[in-house]
Amino acid sequence: MRENFKVEKVCEEIKNWIREYFEKQPNAKGAVIGISGGKDSTITSKLLVEALGKERVFGVLMPNGEQKDIEDSLKIVDLLGINYKVVNIEKAYKGLLDGIDENSLSKDGKINIPPRLRMTTLYAIGSSMHYRVCGTGNKSEGFVGYTTKWGDNAYDFNPIGDLTTDEVIAVGDFLGLPYELVYKTPSDGLTGESDEEKLGFTYKQINDYIEKGTSGDKEVDDKIKAKHDYNKHKGILPPKYELQ
């Protein structure tokens, strides 16, 4: 966690930032957010409610078939008192696999379809309600590119995008959210592995690398740098030819 990180100050600044964002967009009536049951969407939803009021926050639960931890998502919307909708993306997912020919797709090609379908769902609902789509990705994930291009890294605004996982957890604790949600083992809900198992290193090691320049392990540093360099394209707008 950064030395100058003061959680109370940061929480107030984020809420003011959210309010200012909407003040500059008078046609935006509220925020729509995907509720996965993980800490990022839980904490971001709470920040939205405190900044805008629960009546201006709409949650969308998007299981792909059966979601074993969907009770966590339901617990969040109940706790915050926000309106919500459940949209099961399984038919759309299977329809795309059939249309493309599942056997022609790589493992990553298939894994990235659900996040993109979920973002399509959020934008369809958001557009219909005149709501802006809220992002929930954190800085640690973004640094190593653990995000799906045009999936979870597509959004209109993101209140926690510059916070590391440690800082997000600190915000969750400060906001008084349930321990089991704030400290829930992060997982993409797609591969059956935790984030850290899939990455091959821990979020603490990523955070140390970001803040200190090293995780304390040269081999891990090399892996983190390689992922960061390889995935830089996910954090920038695509280039376009400019007429001279």
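The values are calculated or read from the model by the stated rules, or taken from the named source; none is laboratory data. All figures in this text were calculated on a predicted structure; none of them were measured in a lab. Here the Cβ positions follow ideal geometry from the backbone for every residue, glycine too, while neighbour counts run over all protein chains shown. Please note that ligands, DNA and RNA were not included when accessible areas were found on the heavy atoms of the full protein model with its side chains. Shrake-Rupley method; radii C 1.70, N 1.55, O 1.52, S 1.80 Å.
Observations on the structure shown:
- Failed item, numbered, when Leu181 is tested on (1) part of a loop (DSSP other than H, G, I, E, B); (2) surrounded by 17 or more Cβ atoms within 10 Å (Cβ to Cβ): (1)
- Within the range 184-197, restricting attention to residues that are part of a helix (DSSP H, G or I) and free of Cβ contacts under 8 Å to residues at least 24 places away in the same chain, the residue that is least open to solvent (accessible area, probe 1.4 Å) is Glu196.
- The residue that is farthest from Ala28 (Cα to Cα), counting only those in the range 141-164 that are open to solvent by less than 30 Å² (accessible area, probe 1.4 Å) and not in a loop (DSSP other than H, G, I, E, B), is Glu141.
- Leu97 assigned to a helix (DSSP H, G or I), of a type outside the set (S, T, N, Q) and open to solvent by less than 40 Å² (accessible area, probe 1.4 Å): yes
- Asp78 meets all of the listed conditions (1) surrounded by 12 or more Cβ atoms within 10 Å (Cβ to Cβ); (2) out of contact with any Gly (no Cβ under 6 Å at 6 or more places or on another chain); (3) over 24 Å from Lys234 (Cβ atoms) but one, namely (1).
- If only residues of the range 200-244 that are assigned to a helix (DSSP H, G or I) and among the hydrophobic types (A, V, I, L, M, F, W, C) are counted, the one that is surrounded by the fewest Cβ atoms within 10 Å (Cβ to Cβ) is Ala226.
- Residue count for the range 12-51, restricted to those that are of a type in the set (Ser, Thr, Tyr), modelled with pLDDT under 95 and open to solvent by less than 10 Å² (accessible area, probe 1.4 Å): 0
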